[in-house]
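Presented below is the structure to which this report refers.
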Amino acid sequence: MAKDLEITRLCDAYGALLTAHRLDMIRSYYDDDLSLAEIGENSGITRQAALCSIRQAEKALRGYEAALKAVEKADRLKEELTQIRNELDENPDGAKAALDRLISEI
């Protein structure tokens, strides 16, 4: 299982929707960089049970993102705001119009 930033970002956005056990498992694996054996030992479960809990949590997080798209929307908003910031000096009126459009969308 490759550790990646996607799961960490999804966990930041939707971690509160996970059970306490699954949240602990996924945080231990991704944030604390513990091995499956270490997680299992700390939790009193097998390495395989730790892996199953982490996979279930990943699946749930991806499902939340598929339904709610909060991370995708945040990425899009960040990109648009960066473009507006870069446009401020060259085209202040265009930047203001773009900001007004974003504000009305929110």
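Please determine, by comparing only the residues of the range 90-104 that are of a type outside the set (A, V, I, L, M, F, W, C) and open to solvent by 100 Å² or more (accessible area, probe 1.4 Å), which one is nearest to ARG9 (Cα to Cα). Break it down stepwise before answering.
From the range 90-104, those of a type outside the set (A, V, I, L, M, F, W, C) are 90-94, 96, 100-101, 104; that's our starting set.
Those still in the list that are open to solvent by 100 Å² or more (accessible area, probe 1.4 Å) too: 90, 93, 96, 101.
Numbers: GLU90: 33, ASP93: 34, LYS96: 30, ARG101: 27 Å.
If we take residues in the range 90-104 being of a type outside the set (A, V, I, L, M, F, W, C) and open to solvent by 100 Å² or more (accessible area, probe 1.4 Å), then ARG101 is nearest to ARG9 (Cα to Cα).
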Would you mind stating whether ALA49 is loosely packed, with under 12 Cβ neighbours inside 10 Å and either in contact with a His (Cβ under 6 Å, 6 or more places away or on another chain) or assigned to a helix (DSSP H, G or I) (or both)? no
In the range 83-105, is there at least one residue being within 23 Å of the chain's Cα centre (by Cα) and among the hydroxyl-bearing types (Ser, Thr, Tyr)? no
When restricted to GLU72, GLU87, GLU65, GLU38, the only residue open to solvent by less than 80 Å² (accessible area, probe 1.4 Å) and within 23 Å of LEU5 (Cβ to Cβ) is GLU65
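Considering only the range 75-84, state which residues are surrounded by 13 or more Cβ atoms within 10 Å (Cβ to Cβ) and β-branched (Val, Ile, Thr).
Filtering the range 75-84 down to residues surrounded by 13 or more Cβ atoms within 10 Å (Cβ to Cβ) leaves 77, 80-81, 84.
Correct list: ILE84 only.
Considering every residue within the range 3-14, establish whether at least one is closer than 27 Å to LYS73 by Cβ, touching a Cys at 6+ places or on another chain (Cβ under 9 Å) and either buried (at least 17 other Cβ atoms within 10 Å of the Cβ) or basic (Lys, Arg) (or both). Working first, answer last.
Start the filter on the range 3-14 by keeping residues that are closer than 27 Å to LYS73 by Cβ, which leaves 3-14.
With the extra rule that they be touching a Cys at 6+ places or on another chain (Cβ under 9 Å), the set shrinks to none.
Within the range 3-14, none of the residues are closer than 27 Å to LYS73 by Cβ, touching a Cys at 6+ places or on another chain (Cβ under 9 Å) and either buried (at least 17 other Cβ atoms within 10 Å of the Cβ) or basic (Lys, Arg) (or both).
The values are calculated or read from the model by the stated rules, or taken from the named source; none is laboratory data. None of the values given here were measured: they were computed from a predicted structure. For neighbour counting, all protein chains shown are included, and Cβ atoms are generated from backbone atoms with ideal geometry for every residue, glycine included. Side chains included, ligands, DNA and RNA excluded: accessible areas come from the protein's heavy atoms. Shrake-Rupley method; radii C 1.70, N 1.55, O 1.52, S 1.80 Å.
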